[in-house]
Each structure stands twice: as C-alpha cells, then as structure tokens.
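Participant: Take a look at this one; I'll ask things after.
The values are calculated or read from the model by the stated rules, or taken from the named source; none is laboratory data. Remember, it's a predicted structure, so these values are computed and weren't measured experimentally. Cβ sites come from the backbone with ideal geometry, for glycine too, and all protein chains shown count toward neighbours.
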Amino acid sequence: MRTPAAASVDRLTIFDGGEAHVTDISQWSPGVNVGKSAVFSNNAYLIAHGDDYMLWDCGLDDSMIDIAGGKVMAHDVRGIVTKTLASQFDEIGISPDQVTHIDFSHAHFDHVGNSRYFPRATWYVQRLEYDAMFGPNTSQLGFLPELYNTMRQNPMKLLNGKHDVFGDGSVVIHATPGYTPGHQSLLVRLANHWPVVLSGDVAHFHKNFCCRRVPLFNFDKPKSVESINYVDKLVLDERAELWINHDMAQSATLAHAPRWID
Ligand SMILES: [Zn+2]
C-alpha cells in the first residue's frame with residue numbers, strides 16, 4: 001500500500017557503470033537462447049535528497065578502463081568500462097565525498113566496483129548479504145572481496161528487511177533475496193515522474209522477469225521467484241516503473257548523466 005503523503009527525492013541521475021559481455025545468455029535463462037551472446041547494460045544511480053546524496057550500486061571498477069577489451073570477472077562475464085564513474089561525477093559537478101548514503105542491490109563485482117570512492121557514506125546492507133560478503137563462501141557466491149573490503153570501515157546500518165532511508169517514504173529499500181542471500185531492491189519517489197523500482201538483479205532482463213526465469217548461478221531459486229513476484233506486486237501497488245539494471249534495451253531508452261529526472 002502506498003505510504004500516505006510520501007515525499008519525493010530531488011533528482012535521480014543514472015550513471016554508465018560499464019557493460020557486461022556474455023557469450024551464452026542461457027546462463028541467465030536456462031534452456032532458452034542457448035549459445036547466444038548478449039551485452040548487458042550496467043548502471044549506477046545517484047539520488048539527490050536535500051543536502052544528501054545516495055548512491056545505489058557503483059558499477060564496474062573504474063581501473064578497468066585501462067584494460068583494452070575488458071576483463072572476464074566471474075560467471076564468464078566480460079566487463080568493459082568506457083567511461084569512468086569518477087569522470088561522470090566530475091561532469092555533474094559532484095564529488096564522491098558528497099555521497100552520504102550508499103547501498104548496493106547485492107555484492108557482485110558489477111555493482112560494487114568503485115565502492116572504495118565512498119568511505120564516508122553510511123552503508124545500508126542486509127545482514128544476510130553482509131555475512132555472505134565477509135563469510136567463507138565468497139567465491140561460490142561469485143563475490144570478489146577485494147572490490148569491497150574497504151566497506152567494512154564505512155558507517156553502516158545492517159538491515160533485516162524493508163527500510164525507509166530518509167524516514168519520509170521517498171526512498172525505501174525492499175529485501176528481495178534469492179539471487180544472492182541478501183539481495184535488495186529500491187523504491188524511489190519523484191515529484192514529476194512515476195515512482196521507480198530499481199530491481200537490481202532480481203531479473204537480468206524483462207523477459208526473465210515476465211517468465212520468472214532464474215539464472216543457473218543463483219543462491220536460492222524459490223526465493224528468487226518469490227522476489228520477482230514481490231517486485232511485480234510492488235510495481236503494481238505503487239504504479240511504479242520497473243527499471244531492470246542489466247536490460248540493455250530498456251537502459252538505452254533512459255536519460256543518463258549529465259541528464260537526470262525529478
Ligand atoms: Zn549484475
């Protein structure tokens with residue numbers, strides 16, 4: 001149900017967080033499109049709220065811009081960076097130091113690559129994800145701790161489910177576990193635009209969302225399907241737009257930095 005008289009954020013800016021090139025998309029849609037290659041978009045999102053800035057996901061590691069042709073990181077995914085996150089912050093005249101809140105949909109390399117830029121930001125993380133990030137099974141989960149080790153020193157809020165970040169209903173974290181142990185999604189309310197649900201990797205592209213397809217590498221399949229259902233209901237209840245981070249076709253239709261929506 002919609003929060004009564006919920007506030008809205010000032011701006012939502014989308015950054016280009018690199019691309020992921022995959023040789024066999026059926027890893028994400030078992031049995032479908034076997035052997036077909038694909039390119040995934042990979043975005044980071046900056047939310048302006050009064051004097052605060054909140055970053056949701058932070059793309060592939062900027063240092064990959066120096067690697068011609070990119071690099072295979074995990075799950076046979078080749079990450080390619082053509083524009084650094086730092087340069088995009090510069091372009092809109094905001095310093096990473098101004099980011100006061102940070103949050104990741106989950107801890108895979110394409111979502112946490114530049115986390116080291118934001119040591120002052122308060123980090124909102126599901127306890128289940130935190131425990132997995134610093135637990136014994138990181139490689140099984142496809143996590144690369146060297147990309148996020150500095151986050152241990154950030155101010156931190158451990159979550160066990162839903163959380164209203166600014167206390168005014170404008171930005172609400174929703175637990176959507178399954179793909180990883182503590183995966184989460186974000187509802188953002190805007191003044192002049194439908195609310196937006198940033199669903200992280202609940203699904204990697206629209207067809208998978210609609211067909212309830214779950215990737216081969218996945219922490220908990222039933223929970224993943226439950227989370228797709230949860231996000232579907234959230235989108236309907238809030239009359240929101242669903243933004244799927246890795247859906248290249250959708251991403252190409254959205255205004256990226258230096259533009260924004262409000
Ligand atoms: Zn991803």
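Participant: If Tyr45 satisfies all but one of (1) within 13 Å of the ligand (Cβ to nearest atom); (2) at pLDDT 95 or above; (3) closer than 20 Å to Asp16 by Cβ, what's the number of the condition it fails?
Facilitator: (1)
Participant: Still on this structure, I have one more. Quick check: is even one residue across segment 192-204 of a type outside the set (A, V, I, L, M), without any contact (Cβ under 8 Å) to a residue 24 or more places away in the chain, out of contact with any Pro (no Cβ under 8 Å at 6 or more places or on another chain) and surrounded by fewer than 17 Cβ atoms within 10 Å (Cβ to Cβ)?
Facilitator: no
Participant: Here is a follow-up. If you check Gly70, Gly59, which single one turns out to be touching a residue at least 24 places away in the same chain (Cβ under 8 Å), buried (at least 22 other Cβ atoms within 10 Å of the Cβ) and not acidic (Asp, Glu)?
Facilitator: Values: Gly70 fails: buried (at least 22 other Cβ atoms within 10 Å of the Cβ).
When all the criteria are applied, what remains is Gly59.
Participant: Which of the residues belonging to segment 79-97 are buried (at least 16 other Cβ atoms within 10 Å of the Cβ) and away from the ligand (no atom under 11 Å from the Cβ)?
Facilitator: Correct list: Ile80, Val81, Lys83, Thr84, Leu85, Gln88, Phe89, Ile94, Pro96.
Participant: OK, next. For segment 1-42, which residues satisfy the criterion of being part of a strand (DSSP E or B) and more than 16 Å from the ligand (Cβ to nearest atom)?
Facilitator: The answer is Val9, Arg11, Leu12, Thr13.
Participant: Answer with yes or no whether Ala240 is more than 13 Å from the ligand (Cβ to nearest atom), in contact (Cβ under 8 Å) with a residue 24 or more places away in the chain and exposed (fewer than 13 other Cβ atoms within 10 Å of the Cβ).
Facilitator: So Ala240 fails the test.
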